[in-house]
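Working notes, structure below.
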Amino acid sequence: MDKSSQTLLVVFIAVAAVSILIQAGFSVATFFAARKAQKKIMNLADDVRLHALPAIISSRELIQDVTPKLKLITENLTATTATLRSKADQVGGLVGNVTERAQVQASRVDGMVKGTLDQLTNAVHAIEHGVAAPVRQVNGILNGLRAGMDVMRKKTPTNHLDPEDDLFV
């Protein structure tokens, strides 16, 4: 090998050694960074265990305690709903019955009022006929007397034959 090849080989080895050293430095830095992150995560996990785990356990106990009560409340609501429905049906029946009775009474009162008005109309006609007929008769008699008095007042004989009466065709 010649000298230039040897120099090149030394430069290549030096560059390779430097790059291996840089790579080793990055690996060591990555190791320390990972170690630091691991410590932070471990501290965070300890905090979660310390603070969150009791809350999770309490909520689990609370859920176990509340579940039967919620079931009981649901059953009570179901029973109450059924009772309310039956009572609403009863009230609806009663309202229908009262409405029907009110309609029957209204038609009965309507019939009574109609009968009373018919009787009043008949009575008015009877009174009118009973009073109007004698009044007409008295009126006729008075008109006859008046006509007789008018004839007696006129002492001059009247000519019943007018020349104009003969022209009437």
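The values are calculated or read from the model by the stated rules, or taken from the named source; none is laboratory data. Treat the numbers as computed from the prediction; the structure is a model and nothing was measured. Calculation scope for accessible area: heavy atoms of the full protein, side chains included, ligands and nucleic acids excluded. Shrake-Rupley method; radii C 1.70, N 1.55, O 1.52, S 1.80 Å.
Tilt of helix 53-153 relative to the longest C-alpha principal axis of the chain, in degrees (0 to 90, nearest 10)? Helix 53-153 sits roughly 10 degrees off the main axis of the chain.
Per-atom-type breakdown for the chain gives carbon and sulfur 67% of the accessible area (1.4 Å probe, protein chains only). Computed from the Cα positions only, the extents of the chain along the three principal axes stand at 191, 60, 25 Å, in decreasing order.
Compactness of the stretch 1-41, taken as the C-alpha radius of gyration over 2.2 N^0.38 Å, stands at 1.94. Convex hull volume per residue, computed on the Cα atoms of the stretch 1-82, equals 147 Å³. When the Gaussian network model of the chain links Cα atoms closer than 10 Å, the mean-square fluctuations of Asp46, Asp150, Asp110 top out at Asp150. Running a GNM on the chain with Cα contacts under 10 Å, which residue among Val131, Val91, Val66 ends up with the highest mean-square fluctuation? Sorting by GNM fluctuation, first place goes to Val131.
By the equivalent-ellipsoid construction on the alpha carbon gyration tensor, the stretch 82-141 comes out with semi-axes of 57, 5, 4 Å, ordered largest to smallest.
Compute the helix-to-body angle for 3-47: its Cα long axis versus the longest principal axis of the chain, expressed 0 to 90° and rounded to tens. Roughly 50 degrees, rounded to the nearest 10.
Considering only Lys154, Lys39, Lys71, the Gaussian network model of the chain with Cα springs below 10 Å gives its largest mean-square fluctuation to Lys154.
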